[in-house]
Amino acid sequence: MSDRLRELAEARSTATATTAPTGWEPGIKYEPDGRRIITMPAGPELGDESTWRQAVESLGTTVPDGYRVRLVEARFDPAAWQRDQQGDDATTRPVWRYRFVVEPAPNQVDVEELLRAARPPKPVSKPTSKAAFVFLTGDLQLGKPDGDGSSGTVERFYRSLDQAISRFKALRKSGHAGPAALVFAGDCIEGTQSQGGRLVARLDLTLTEQIRVYRRLALAEIQTFADLTDDVTVLAVPGNHGEAMRVGDIMASRYDDSWDVEGIVQVADVLDAKGHTGITWMFPGVDELHVTAEVAGTRLGVLHGHQTRGKLDTWLASKALNREPIGTCDIVLSGHYHSLRIEHLGPVTHMRTGSLDGGSTWWQHRGGLASPPAAICFTTESGRWNNLQIV
Ligand SMILES: [Mn+2]
């Protein structure tokens with residue numbers, strides 16, 4: 001690299017083109033929009049992108065923070081007249097001419113960046129308890145502007161996550177928790193499909209921004225727990241707001257075609273690529289809306305809740321009658337209604353998380369009550385639960 005740099009510096013300081021084709025006169029042109037077009041003097045061939053900046057700066061211009069150097073044109077001249085030093089005879093030799101633009105760098109948000117944010121697994125100490133710590137969040141509706149909007153939602157999520165992590169650390173230390181189950185109960189983004197698409201006029205994040213923020217929040221959560229225990233199960237289900245496509249305000253795709261799930265699948269892919277092969281990922285099957293998993297000997301069922309139309313008990317009874325696994329769960333976890341509920345339905349415990357969004361202006365105008373935000377954590381083993389905390 002230093003050789004390359006020296007070569008570049010020398011070329012800039014000693015070689016001066018005696019003639020330049022029209023339009024290739026060396027110089028810096030300042031554009032009204034802040035960009036600079038830089039036409040380099042003839043010189044040797046430049047290397048990759050890393051050499052462009054030095055080449056441009058050798059002309060005495062600087063590349064400000066947040067700007068990039070982009071190559072816009074290169075031209076090879078096989079027999080240009082060159083004079084190496086003042087007073088020397090000019091000779092012909094092959095040269096390159098380059099034109100660069102110095103311009104604001106776009107905000108690059110891509111999988112590469114996500115991969116850099118993701119870390120390989122760390123060694124963790126052996127758990128002292130078989131009981132699993134469960135952390136349930138839902139209804140972030142990222143992109144929804146109501147109340148303090150998406151920025152408030154992100155603050156609330158991190159506050160709940162921090163409390164959950166502190167709780168998990170304390171329970172682990174005191175021998176009351178080992179594995180972790182992280183549950184995403186749906187409606188994590190506001191989406192663009194609900195309410196006949198009318199909500200797009202109010203969004204404070206675009207659809208891709210909603211998904212990007214969601215997957216980064218999920219990455220922060222899952223990675224933090226994966227740093228603390230080598231036994232992590234992640235469960236995610238579709239909500240109504242996460243539906244990928246509606247036509248005429250009715251779901252027009254498969255039931256599993258959901259951004260609520262896809263956001264977590266993206267995190268799964270990234271963490272897999274980073275070597276986190278020990279995480280168990282539980283997503284609904286084809287055309288399914290709910291998921292079940294056995295965690296520490298407890299049968300957990302997760303659904304968003306919109307499919308029950310407010311009658312979870314009869315919905316579960318039908319599932320039991322139909323001999324579907326969620327009808328025989330010990331604990332059922334849900335969201336959707338934006339208000340906390342913990343209830344016994346016979347032998348089953350139903351825990352419904354509150355929302356983490358900024359409230360609902362629509363609901364309040366209808367005379368609805370605004371419940372406090374909430375996420376839930378508890379421990380479970382062999383069908384029973386303990387250590388419930390609202391965070
Ligand atoms: Mn919902």
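Some notes on this structure:
- In segment 212-233 there is no residue that is free of Cβ contacts under 8 Å to residues at least 12 places away in the same chain, on the phi < 0 side of the Ramachandran plot and within 16 Å of the ligand (Cβ to nearest atom).
- Index of the failed condition, residue 197 passing every other in (1) within 18 Å of the chain's Cα centre (by Cα); (2) within 25 Å of residue 288 (Cα to Cα): (1)
- Condition check for residue 212: charged (D, E, K, R) and either open to solvent by less than 30 Å² (accessible area, probe 1.4 Å) or touching a Phe, Trp or Tyr at 6+ places or on another chain (Cβ under 9 Å) (or both): no
- Test: residue in segment 281-304 that is open to solvent by less than 30 Å² (accessible area, probe 1.4 Å), farther than 21 Å from residue 342 by Cβ and more than 16 Å from the ligand (Cβ to nearest atom): no
- Restricting 152, 147 to residues that are under 15 Å from residue 373 (Cβ atoms), in contact with a Gly (Cβ under 6 Å, 6 or more places away or on another chain), open to solvent by 10 Å² or more (accessible area, probe 1.4 Å) and more than 15 Å from the ligand (Cβ to nearest atom) narrows the list to 147.
- For segment 16-53, a residue qualifies if it is free of Cβ contacts under 8 Å to residues at least 40 places away in the same chain and either of a type in the set (Lys, Arg) or touching a helix residue (DSSP H, G or I) at 6+ places or on another chain (Cβ under 7 Å) (or both), and the qualifying residues are 29, 53.
- Scanning segment 237-248 for residues that are more than 14 Å from the ligand (Cβ to nearest atom) and either crowded, with 24+ Cβ neighbours inside 10 Å or hydrophobic (A, V, I, L, M, F, W, C) (or both) returns 244, 245, 247.
- So residue 306, is it over 25 Å from residue 379 (Cα atoms) and under 26 Å from the mean Cα position of the chain (by Cα): yes
- For segment 20-29, residues that are touching a strand residue (DSSP E or B) at 6+ places or on another chain (Cβ under 9 Å) and exposed (fewer than 11 other Cβ atoms within 10 Å of the Cβ) total 1.
- Flag if residue 317 is open to solvent by 30 Å² or more (accessible area, probe 1.4 Å), away from the ligand (no atom under 16 Å from the Cβ) and in contact with a Ser or Thr (Cβ under 7 Å, 6 or more places away or on another chain): no
The values are calculated or read from the model by the stated rules, or taken from the named source; none is laboratory data. If you're wondering where the values come from, they're calculated on a predicted model, not measured in any experiment. Note: ideal-geometry Cβ built from the backbone for every residue, glycine included; neighbour counts use all protein chains shown. Side chains included, ligands, DNA and RNA excluded: accessible areas come from the protein's heavy atoms. Shrake-Rupley method; radii C 1.70, N 1.55, O 1.52, S 1.80 Å.
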